[in-house]
Amino acid sequence: MTTSVPHRPAPGRTSGRERGGVSGRLPWLLLAPALAGMAFLVLPLAGLLVRAPWSTLPARLAEPQVLEALRLSLVTATIATLVCLLLGVPLAWLLARTAFPGRRLLRALITVPLVLPPVVGGVALLLVLGRRGLVGQWLDATFGVSLPFTTAGVVIAEAFVAMPFLVISVEGALRTGDPRFEEAAATLGASRWTVFRRVTLPLIAPGVLAGAVLCWARALGEFGATITFAGNFPGTTQTMPLAVYLALETEPEAAVVLSLVLLAVSVIILAGLRERWVSRI
């Protein structure tokens, strides 16, 4: 005589009945607000697509002011991302692999730009790097360098608001990585720099790539800190978000075209990172 054993889902997986609720029926009390929330988020994007001037879109994209804003945005966002990589990867390693007094406070301060209003970040940059700022007055007096209202100021503003995305992503990759490979390399006589370059970086490369893409996307869409610290000068500091803001008052169709470009970039980035996010769930 044999006895049947009830089927149990594998660990970490849930059955269809569990995913649908205790009784397996649709939770109508949750479905209505869920649909309302979806409509709240999707309808504005759909409205942007509906009102887009598709017939004149190629001509709009070829306009000099649109091309200039696009070029400046791509250049400054890329340079800002490189700056974030240069400074953010070592910072993430410091937070993940070393213990020192005040590490939690430092981590909190590094993530402040994530929740800080961008305009406040721009004001803070002015107070530090402006001509009369704590560091800016020394740069102006010693080297004759003035950063506000310049293209370099755009890069600084974008890097300031985008770097936390990179630091968080790389620190997470360092914390979840297996340190035994690094220990084995050190045991074989490799120096710390060799271990970091030949072992650590390849192990955390997916985290670095994801953080860099998010960093670049955040820099590309930055508005508040940029307009406060760098101004809105066509050809010098007017990036795509600033051009959208200006075009809304004078040429709404150009604003829609620029918004479509930013929307397309955002969708492409989210689609590219989806597999990485899903694999962590």
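Going through (1) more than 21 Å from Ala80 (Cβ to Cβ); (2) at pLDDT 80 or above; (3) of a type in the set (Gly, Ala, Ser) one by one, Ala271 falls short only on (2).
Of all residues in the range 166-187, how many are assigned to a helix (DSSP H, G or I) and either farther than 20 Å from Thr81 by Cβ or modelled with pLDDT under 85 (or both)? Give the steps one after another, and end with the answer.
We begin by selecting, within the range 166-187, every residue assigned to a helix (DSSP H, G or I); these are 166-176, 180-187.
This time we only want the ones that are either farther than 20 Å from Thr81 by Cβ or modelled with pLDDT under 85 (or both), so: 175-176, 180-187.
Matching residues across the range 166-187 total 10.
Being out of contact with any helix residue (DSSP H, G or I) (no Cβ under 9 Å at 6 or more places or on another chain) and within 24 Å of Thr76 (Cβ to Cβ) holds for only one residue in Ala247, Ala264, Ala243, Ala254, and it is Ala264. Mind listing just one residue for me: the one in the range 98-138 that is β-branched (Val, Ile, Thr) and not in a helix (DSSP H, G or I) and, of those, farthest from Gly153 (Cα to Cα)? Residue satisfying both the conditions and the ranking: Thr98.
Yes/no matrix, rows are residues, columns are (1) closer than 18 Å to Ile168 by Cα; (2) in contact with a strand residue (DSSP E or B) (Cβ under 8 Å, 6 or more places away or on another chain); (3) of a type in the set (Gly, Ala, Ser); (4) open to solvent by less than 70 Å² (accessible area, probe 1.4 Å):
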position: Arg180; (1), (2), (3), (4): no, no, no, no
position: Ala184; (1), (2), (3), (4): no, no, yes, yes
position: Thr194; (1), (2), (3), (4): no, no, no, yes
position: Thr239; (1), (2), (3), (4): no, no, no, yes
position: Thr250; (1), (2), (3), (4): no, no, no, no
position: Ile269; (1), (2), (3), (4): yes, no, no, yes
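Of the numbered criteria (1) more than 27 Å from Ala77 (Cα to Cα); (2) part of a helix (DSSP H, G or I); (3) open to solvent by less than 40 Å² (accessible area, probe 1.4 Å), the one Ala190 fails is (2).
The values are calculated or read from the model by the stated rules, or taken from the named source; none is laboratory data. As the structure is a prediction and not an experimental result, all values here were calculated from the model. A quick note on method: Cβ atoms are made from the backbone with ideal geometry, for glycine too, and the neighbour counts reach across all protein chains shown. Note: accessible area is taken over every heavy atom of the protein model, side chains too, but ligands, DNA and RNA are not part of it. Shrake-Rupley method; radii C 1.70, N 1.55, O 1.52, S 1.80 Å.
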